[in-house]
Amino acid sequence: MLKAGKGDRNAQADLYRQYSKAMFNICIRMTGNRSDAEDLLQDAFINAFESIGQLKEPAAFGGWLRRIVVNKCIRFSKNSFQWKQLEEDHNELAEENQEQWWMTIKSELIHEEIKNLPNGCRQVFVLYVLEDFGHKDIAENLGISESTSKSQYQRARSLLKERIIKKI
């Protein structure tokens, strides 16, 4: 870790190999496309290597890097998605039964369908379900209302359920 912080390319390459797949999966789920995910992943690692000296506990690198990746994806979505239009088009949906029906389905199918969701609801779904953000935090980070976050989450759940049921 110290070597990577001092610019050692081999040490940085080792960290990249160790963490890139997991971080890429976050990026692809949040962006929905490979090109943007690759760009965000590269930017996140560059930022991490430039700032690694700020990391006080080397053992916390994975969580620290994950936070950098998620923040990069959030900033990307704020600049790329038309949240205002989504807010106007989708009124808050009634809360459905909160059972996690997807827990019984193969994860590969779920992740593939998450990537195929429309941008807004995919972003909220990933942050809420996979990154454990609350609707208030999502709203603040994405610059949307809490009700938009909730409605986009419900829309994502509904679309996922519909699409997965068709495939199984």
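The values are calculated or read from the model by the stated rules, or taken from the named source; none is laboratory data. What you see is a predicted model, and the numbers here were worked out from it, not measured in a lab. Neighbour counts are summed over all protein chains in view; Cβ atoms, including those assigned to glycine, are modelled from backbone coordinates with ideal geometry.
Some points to look at:
- From the options LYS166, LYS150, LYS115, LYS106, residue that is farther than 19 Å from CYS27 by Cα and either in contact with a helix residue (DSSP H, G or I) (Cβ under 7 Å, 6 or more places away or on another chain) or surrounded by 19 or more Cβ atoms within 10 Å (Cβ to Cβ) (or both): LYS150
Matching residues to (1) under 27 Å from TRP64 (Cα atoms); (2) at pLDDT 75 or above; (3) of a type outside the set (S, T, N, Q):
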residue: GLU99; (1), (2), (3): no, no, yes
residue: HIS111; (1), (2), (3): yes, yes, yes
residue: VAL124; (1), (2), (3): yes, yes, yes
residue: SER158; (1), (2), (3): no, yes, no
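- The number of residues in the range 1-22 that are basic (Lys, Arg) and outside any helix (DSSP H, G or I) comes to 1.
- Within the range 136-147, tally of residues that are surrounded by 20 or more Cβ atoms within 10 Å (Cβ to Cβ) and assigned to a helix (DSSP H, G or I): 2
- For the range 23-70, a tally of residues being assigned to a helix (DSSP H, G or I) and in contact (Cβ under 8 Å) with a residue 40 or more places away in the chain returns 19.
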